[in-house]
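The values are calculated or read from the model by the stated rules, or taken from the named source; none is laboratory data. Owing to the predicted nature of the structure, the values given are computational and were not obtained by experimental measurement. Positions of Cβ are backbone-derived with ideal geometry, glycine not excepted, and every protein chain shown enters the neighbour counts. Just the protein is used for accessible areas: all its heavy atoms, side chains included, with ligands, DNA and RNA removed. Shrake-Rupley method; radii C 1.70, N 1.55, O 1.52, S 1.80 Å.
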Amino acid sequence: MTARVDHAVSSGTFSLDGETHQVDNNIWVIGDDQECVVIDAPHSVDDILAVVGDRKVKAIVCTHAHDDHVRVAPALRERVVAPIMLHPDDLPVWTLTHPDQLWDLDLADELILEVAGTTLRVLHTPGHAPGAVCLYAEELGCVFTGDTLFQGGPGATGRSFSDRPTIEASIRAKLFALPDDTVVHTGHGDDTTIGAERALLGD
């Protein structure tokens, strides 16, 4: 059985720099009927487990450490007994939400993760956050971009630890190197494609 992508939406808050906003986060789970990888751990463990079902979770992979993406990561880790993975450059962001505990395994650029016969290639794409990553599933024709790239352009860069020129450089170097028909599964909102966003942002 080939791997598939399962999806749900979880609602809660995002807080940074003294501001709090209501947000809807996408939950992405990649795997087959036996095992899976969870991308990000937003507001509700139960929302995530509803997508996972009775499958073995191999890892909880965090695209970055803003609180709306990692808030329930430690609680989910306890429930499913799987390692949390995060790029170490996001340590200062992670400690804003979880000052007393750490993730388990470091992500790195070009690291390969395997689940259900499918590979996920880690692309370090700083800009929205220092340790932001995207996960490219070539066999599935899609990339999971967290808050790096959305339908309509790059993720927000107006807050601490973010930088607009950096995120645009990351997108051009790492994401625009992917085929135009690659489906972009984002951290919030609707899917898009690499080709559509390349046309908007320019090469």
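Results, tabulated for the structure shown:
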read-out	value
So Asp24, is it touching a residue at least 60 places away in the same chain (Cβ under 8 Å), closer than 24 Å to Phe161 by Cα and open to solvent by 70 Å² or more (accessible area, probe 1.4 Å)	yes
Every residue from segment 160-203 that is under 26 Å from Leu16 (Cβ atoms) and among the β-branched types (Val, Ile, Thr)	Thr166, Ile167, Ile171, Val184, Thr186, Thr192
Exclusive hit being within 16 Å of the chain's Cα centre (by Cα), modelled with pLDDT of 95 or more, open to solvent by 40 Å² or more (accessible area, probe 1.4 Å) and on the phi > 0 side of the Ramachandran plot, set Gly146, Gly152, Gly189	Gly189
Strands (runs of 3 or more DSSP E) enclosed by segment 27-94 - at least 2 residues per element that are closer than 15 Å to Val9 by Cβ	35-39
Single unsatisfied condition, Thr119 versus (1) open to solvent by 40 Å² or more (accessible area, probe 1.4 Å); (2) part of a strand (DSSP E or B); (3) in contact (Cβ under 8 Å) with a residue 40 or more places away in the chain	(3)
Pair list, Cβ under 7 Å, 6 or more apart: segment 47-61 residue without any contact (Cβ under 8 Å) to a residue 60 or more places away in the chain and open to solvent by 50 Å² or more (accessible area, probe 1.4 Å), other residue charged (D, E, K, R) and not in a loop (DSSP other than H, G, I, E, B)	Lys56/Glu35; Lys58/Glu35
Filtered residues of segment 9-68 (kept if in contact with a Leu (Cβ under 8 Å, 6 or more places away or on another chain) and either among the polar types (S, T, N, Q) or at pLDDT below 95 (or both))	Thr63
Filter result (farther than 21 Å from Arg121 by Cα and touching a Ser or Thr at 6+ places or on another chain (Cβ under 7 Å)) within segment 157-203	Asp163, Arg164
The one condition in (1) surrounded by fewer than 20 Cβ atoms within 10 Å (Cβ to Cβ); (2) more than 20 Å from Leu200 (Cβ to Cβ); (3) of a type outside the set (Ser, Thr, Tyr) that Asp163 fails to fulfil	(2)
